Amino acid sequence: MRFLDKYRDEFAKLDALDKDFIDEELIKTLLEKHKNPGQKEVRRVLQKARTCTRLDLEEMAVLIGNIDSETTQEMFDLAYELKKEVYGDRIVFFAPLYISDECANNCKYCGFRSSNHSMHRKTLSMPEIEEEIQIMIDEGQKRTVLVYGESPKTDVDFMCETVRKVYSVKTENGEIRRANINCAPLKVDELRKLKEVGIGTFQVFQETYHRETYENVHPQGTIKGHYRWRLYAMDRALEAGVDDCGLGVLFGLYDWRFELMALLMHTMHLEKNYGGVGPHTISFPRITPATDTPFSLNPDYAVDDDDFKRIIAILRLSVPYTGLICTARESPEVRADVIPLGVSQIDAGTRIGVGAYSEAKHANTLPDKEQFTIGDSRSLDDVVAQICEMGNIPSFCTACYRAGRTGEHFMKVAKSKFVHNYCIPNAILTFKEYLLDYASEQTRSLGEKIIEGHLDHLIGEAFDKTQAMLVRIEKGERDLRF
Ligand code: SAM
Ligand code: SF4
């Protein structure tokens, strides 16, 4: 059987649907209708956003259409306020682990595409995964996202084996406590297997919701060429019980305004059909140059830094309870600029080649053949220090997912603002571990001040319990959590 035939029946079922949930005409009409709205209109939408309610399509279109500088600044300010209200000053840290760059697809923008013969293809063996994870743990990582191409060599059973391997690696103080997955769309029975091995978030980025563009950049005759197979990836995940889902758009492929509206449509579709649970996270990578990939050098709809800021603020205002991830594709300067607009998760100490953590450790170099170029290659410790200097508290927390607070349960906790009683104490506890076990002296002294400041804001039982746990951590206990 050809690799593509694997999903033939599923494709046929999706092809038979009259329509899907991305209504391109409606998006275009609303964007046209709300071009350059008045200040009054924008402020009306901001008033609603202030109540931490998910916005609807008309409201998002107003924010997208806004070009007035005064109310744009008000959007940025409110995005910052909402981020603090829902998430506090926490920034959650993770690092990706590239398991394989073998891929049967041929996405025009990606260095891993099958027609790119300048890549040395590699899939990590189990001992190699162990070595990579060991290095990541020794740097202080607790959360990872495992990244795969789409290839018969990395089928779901292989993926499950890699997840088990990742969780099995333990050092004196550390281990990876949450492994998220970024891979190709899967069938429901395949997703059930991933659920069983305990994955965190399941991420599949639609790349672009615009059908014509989608078909242009993902050649027909490849699995990825099937728009709806990808579009319904999260429906299948939720059906399989994998209830932390991560959506994303690859910005640069099509008009960002259209993509934001489509992301909201996708969110609304999931909420409507799966008990009010929207996406756990949204990612918004911008295309960066990839090895021997001309398309990636000059994308048709490249997003500049100003529009990138708008994208993040509008997402924060529109979907207040969804985590927003800004990756190391962006430079340190851009990341520092956009974090206050509502970002809740970043990666740091990132290496994106297959086997790149050990390569960087042994040869002290970055691999020259990568899926794309990263803009922020600083060490975890350097990024942690900068996040502290910005007044935020780095968090390595994995408590919710391990306590079963995922999907609907997570939303309940988030919406009732219990977040402050769980997440801030857990950030303090996991950050304390990081400072004791992995931080440089300079970062440790900065970090201790951040912990003191955040501890001062806790009240009652949360304060007493956190303080008692901090003492236990200082005495050598690890992995304490609320
Ligand atoms: N192969 C899987 C897939 O395509 O869904 C998952 C892994 S892929 C390596 C992860 C993501 O990297 C893609 O979904 C895409 O958004 C992003 N990506 C690909 N090429 C890129 C580039 N040149 N610059 C930035 N991000 C890129
Ligand atoms: Fe393969 Fe994913 Fe790259 Fe496309 S984006 S070529 S599917 S690794």
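The values are calculated or read from the model by the stated rules, or taken from the named source; none is laboratory data. Just so it is clear, the structure is predicted and the values come from calculations on it, not from any experiment. Because the Cβ atoms are built from the backbone with ideal geometry, glycine has one as well, and the counts that use them run over all protein chains shown. Remember, those area values only see protein heavy atoms, side chains included, never the ligands or the DNA or RNA. Shrake-Rupley method; radii C 1.70, N 1.55, O 1.52, S 1.80 Å.
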Quick one: net charge around THR443, please, counting Lys, Arg +1 and Asp, Glu -1 for every other residue with C-beta under 13 Å from its C-beta.
-3
Taking the chain and dividing mean pair separation by its residue count, relative contact order in percent (alpha carbons under 8 Å, at least six apart):
19 percent
Would you kindly calculate the mean projected area, averaged across all directions, of the convex hull enclosing the Cα atoms of region 114-213, in square nanometres?
8.1 nm²
Which value, in debye to the nearest 20, describes the size of the charge dipole of region 24-80 about its Cα centre when Lys and Arg Cβ atoms bear +1, Asp and Glu Cβ atoms bear -1, and nothing else is charged?
180 debye
Tell me the net charge near TYR167. Cut-off is 10 Å between Cβ atoms, TYR167 excluded, with +1 for each Lys or Arg and -1 for each Asp or Glu.
+4
For region 274-397, the fraction of alpha-carbon pairs in successive 5 Å shells from zero, as %:
2, 10, 17, 20, 19, 16, 10, 5, 1, 0
Farthest towards the positive end of the dipole of the chain, among TYR7, ALA61, TYR214 and with Cβ unit charges of +1 on Lys and Arg and -1 on Asp and Glu, lies the Cα of TYR7
Considering only the other residues whose Cβ falls under 10 Å of the Cβ of SER395, what net charge follows from Lys and Arg at +1 and Asp and Glu at -1?
+2
Got a sec? Charge dipole of the chain, +1 on Cβ for Lys and Arg, -1 for Asp and Glu; which of SER318, LEU78, SER114 is way out at the positive end?
SER318
Log10 I(q)/I(0) at q = 0.18, 0.20, 0.28 Å⁻¹ for region 178-221, from Debye over equal alpha-carbon scatterers, is -0.65, -0.73, -0.98
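Would you mind working out the magnitude of the charge dipole of the chain relative to its Cα centre, with +1 at each Lys and Arg C-beta and -1 at each Asp and Glu C-beta, to the nearest 20 Debye? Numbers along the way, then the final one.
On the way: 63 positive and 77 negative charges, 200 e Å.
It comes to approximately 960 debye.
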Whole-angstrom gap from region 188-238 to region 73-147, using each part's C-alpha centre
17 Å
Accessible carbon and sulfur surface of region 24-80 relative to its total accessible area, %, 1.4 Å
52 percent
Cys residues of the chain with no disulfide-compatible partner (no other Cys Cβ under 4.7 Å) are CYS52, CYS103, CYS160, CYS183, CYS245, CYS326, CYS388, CYS397, CYS400, CYS423
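Leaving out ligands and nucleic acids, and using a 1.4 Å probe, what accessible area per residue does the chain come to in Å²? Please list the in-between numbers first.
On the way: 18970 Å² over 482 residues.
Roughly 39 Å² per residue, with all protein chains present.
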Mean-position separation - Cα centroids, region 390-412 and region 150-182, in angstrom
20 Å
Please list 161-168, 234-241, 124-131 highest first by mean number of surrounding beta-carbon atoms within 10 Å per residue.
234-241, 161-168, 124-131
Can you give the three extents of the C-alpha atoms in region 24-80 along their principal axes, from longest to shortest, in whole Å?
32, 24, 17
Semi-axes a, b, c in Å (a largest) for the chain, each sqrt of 5 times a Cα gyration tensor eigenvalue, come to 32, 29, 21
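How large is the charge dipole for region 436-478, taken about the Cα centre, if only the Cβ atoms of Lys, Arg (+1) and Asp, Glu (-1) carry charge, to the nearest 20 debye? Mind dumping the intermediate values first?
Details: 6 positive and 9 negative charges, 23 e Å.
For this selection, approximately 120 debye.
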